[in-house]
1. Could you rank the peptides 167-178, 24-35 by their average count of other C-beta atoms within 10 Å per residue, with the highest value first?
2. If packing is taken as the mean number of other Cβ atoms within 10 Å per residue, what is the order of 59-70, 79-90, highest first?
3. Starting from the Cα of K44, draw a straight line to each of the aspartates and glutamates and keep only those under 16 Å, dropping any in the same chain fewer than 8 residues away.
4. Taking every DSSP beta bridge that has both residues in the chain, what percent is antiparallel when rounded to the nearest 5?
5. Determine the gain in length on full extension of the stretch E55-K178; use 0.36 nm per residue of separation and subtract their C-alpha separation, reporting nm with one decimal.
6. Out of residues 5 or more away from F35 or on other chains, whose amide H comes under 5 Å of its own, with H placed 1.01 Å from N in the peptide plane?
7. Filter the cross-link list K20/K143; K25/K178; K153/K173; K25/K77 down to pairs whose alpha-carbon distance in this structure exceeds 21 Å.
8. Give the calculated FRET efficiency between I48 and E170 to the nearest 0.05, with a Förster radius of 45 Å applied to their Cβ-Cβ distance.
Amino acid sequence: MPNNSIENNVVLVGFMGSGKTTIGKLLAKSMGYSFVDTDTEIEKEEGISVAQIFEMKGEEYFRELESTFITNFQRKKCIIATGGGMSCYQDNMRKLKVLGTVLFINTPYDSIIERLKLNQGSRPLIKSSLSNEKDELLELFLKRQQIYRASDKVVAGDSNPSFIVERIREILKEFLEK
């Protein structure tokens with residue numbers, strides 16, 4: 001059951017490139033909420049990029065940082081765009097549901113691939129995957145889809161971002177009326 005209070009946060013989950021940051025910023029502005037991008041916050045805390053964290057300290061270290069971020073997050077009335085793997089590590093999905101209403105931005109794989117090709121440098125799990133004959137990225141996508149579906153609600157991510165924001169606002173209104 002989602003956190004259905006106007007004071008609560010909205011947590012956006014989905015695969016890298018699904019539009020969580022773009023949609024999150026628009027949604028925050030439309031609702032008068034703060035916007036938080038977990039990757040950006042972790043980069044600020046560590047003083048290096050997510051790609052550098054992966055390279056220098058490894059994925060496991062980064063996933064621990066994400067888990068700690070969730071545990072320590074205390075703010076309300078925030079739209080939180082999570083990293084693509086955050087909800088898939090340990091019991092992070094459960095923890096995210098404590099923070100607020102969790103919405104899965106379900107963007108088609110082909111759309112994600114097109115977006116990721118434009119932004120390869122900042123995404124540590126994609127660098128080798130796009131050029132790899134065996135589609136490891138598709139395997140990761142399919143595996144994570146199952147986890148993302150445990151969200152409070154699934155939102156189609158294949159539309160104009162403004163339309164998606166309006167759809168999310170309708171969903172949140174429905175939750176508040178329950």
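1. Result, highest mean first: 24-35, 167-178.
2. Highest mean packing first, the order is 79-90, 59-70.
3. Of all the aspartates and glutamates, those that pass the test against K44 - Cα under 16 Å, at least 8 places apart if same chain - are E64, E66.
4. 0 percent
5. Result: 39.7 nm gained on full extension.
6. I79
7. With Cα atoms farther than 21 Å apart: K25/K178.
8. For R0 = 45 Å, the calculated efficiency reads 0.70.
Read-outs throughout are calculated quantities, based only on the coordinates presented, and are distinct from any laboratory measurement. Keep in mind the model is a prediction, meaning the values are calculated, not measured. Please note: Cβ atoms are built from the backbone with ideal geometry, for glycine as well, and neighbour counts cover all protein chains shown.
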